[in-house]
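Reviewing the structure listed below.
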Amino acid sequence: MRLIRNFSTALVLMLLLGCTMENSTKTLRLGHGLDVSHSVHKAMVKMGEDLLQRSGGKLKLEIYPSQQLGTERECLELLQIGSLDMTKVSVGVLENFAPKMTVLGLPFLFRDRQHSFDVLDGPIGEELLNDGNKYWLKGLGYYDAGSRSFYTMNKPIHTPDDLKGQKIRVMESATAVRMVQELGGSPTPISWGELYTSLQQGVVDGAENNPPSFYLSRHYEVCKYYSLDEHTVLPDVLLMGTYVWDKLSEQEQKWLTESVTESVKYQRVLWAEAEAEALREVEKAGVEIIRPDKTLFADKVADILESYKGDNEIYPLIKQIQETK
């Protein structure tokens, strides 16, 4: 009888301890629109593993991919009101919420990939991340999203003139709309999740994105021309709502920041591999890879940068980025 009582007491203690441990774990929900095979999602999984280990089980990350919690715009809105903890969005969408981010979406701003890393990892990148605080968005880091280029169904793009009359899907970004217009195309904002069907149905003639997104979305099944003009180097941004960030302790913020930093490093390695694989695979699938003269495209949109001369926030950033060695 005494043995049964001891066993019962031990069982109750174990259950109470289990409840205490469960209650002491804080879960952060992260929603994004990418497929689980994407390098960014894989880097987020690593971030979650690192966070759990660093915090000794006190912080846990739950990831909801593939627009389960909404589009990029919807996730940003949920962050602002505290209904979602974290999200990843393209700078092109973020510029609608944090206007200074517009500078990163300007065409042919960066000399090459390393130049973009030097800017994003330095004081300019940090300034832009911090600027989101006034819009209830805490910037945590930048994931590599490579360079964006045009892909089309029926007409190869060798020069800007080839874009005339072509309906090109763009993000909900005023900068992207203006760029396509100045190159001669007809910009058509459509959400990422609706694009495959829109291509199939002829709602648009093409789109623009980086190689892994072109490949993993299977858009290469519909679009057989990929023109690597690399007009923008547009990073993805990892964000947390300030409402949630401010509720974390200093130690919790440190754990999260360190996990994000490692995640970004890991993703850049994965990205380089994914980009090379994507180009190989779409070419195998019959896509014609075109490497046009980029200066033809850059010259056509050069006035976009100069049009910001009267903007006391954006133009100084443009000059700082151009002068970054």
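What the table below lists for this structure:
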| item | result |
| --- | --- |
| Scope region 25-68; condition hydroxyl-bearing (Ser, Thr, Tyr) and open to solvent by 20 Å² or more (accessible area, probe 1.4 Å); matching residues | THR25, THR27, SER37, TYR64, SER66 |
| Residue in region 145-164 that is outside any strand (DSSP E or B), among the small types (Gly, Ala, Ser), on the phi > 0 side of the Ramachandran plot and over 17 Å from the mean Cα position of the chain (by Cα) present | no |
| Matching residues, region 212-233, being open to solvent by 10 Å² or more (accessible area, probe 1.4 Å), touching a residue at least 40 places away in the same chain (Cβ under 8 Å), within 29 Å of LEU76 (Cα to Cα) and not hydroxyl-bearing (Ser, Thr, Tyr) | LEU216, GLU230, VAL233 |
| Cβ-Cβ under 8 Å pairs, at least 6 apart or on other chains, region 249-261 side within 19 Å of GLU49 (Cβ to Cβ) and of a type in the set (Asp, Glu), far side modelled with pLDDT of 95 or more and open to solvent by 50 Å² or more (accessible area, probe 1.4 Å) | GLU252/LYS26; GLU252/LYS58; GLU258/ARG54 |
| Answer from GLN201, GLN166 - the residue that is crowded, with 18+ Cβ neighbours inside 10 Å and over 20 Å from VAL233 (Cβ atoms) | GLN166 |
| Enumeration of residues in region 80-99 that are open to solvent by 10 Å² or more (accessible area, probe 1.4 Å), in a helix (DSSP H, G or I) and closer than 16 Å to LEU238 by Cα | GLN80, VAL93 |
| Some residue of region 171-189 being polar (S, T, N, Q), surrounded by 20 or more Cβ atoms within 10 Å (Cβ to Cβ) and touching a Phe, Trp or Tyr at 6+ places or on another chain (Cβ under 8 Å) | no |
| Filtered residues of region 165-209 (kept if in contact with an Asp or Glu (Cβ under 7 Å, 6 or more places away or on another chain) and either of a type in the set (Gly, Ala, Ser) or in a loop (DSSP other than H, G, I, E, B) (or both)) | GLN166, SER173, GLY184 |
| Residues located in region 109-134, provided they are open to solvent by 70 Å² or more (accessible area, probe 1.4 Å) and not in a helix (DSSP H, G or I) | ARG111, ASP112, ASP121 |
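The values are calculated or read from the model by the stated rules, or taken from the named source; none is laboratory data. Bear in mind that the values here come from a model prediction, so they are computed numbers and not experimental data. A quick note on method: Cβ atoms are made from the backbone with ideal geometry, for glycine too, and the neighbour counts reach across all protein chains shown. Note: accessible area is taken over every heavy atom of the protein model, side chains too, but ligands, DNA and RNA are not part of it. Shrake-Rupley method; radii C 1.70, N 1.55, O 1.52, S 1.80 Å.
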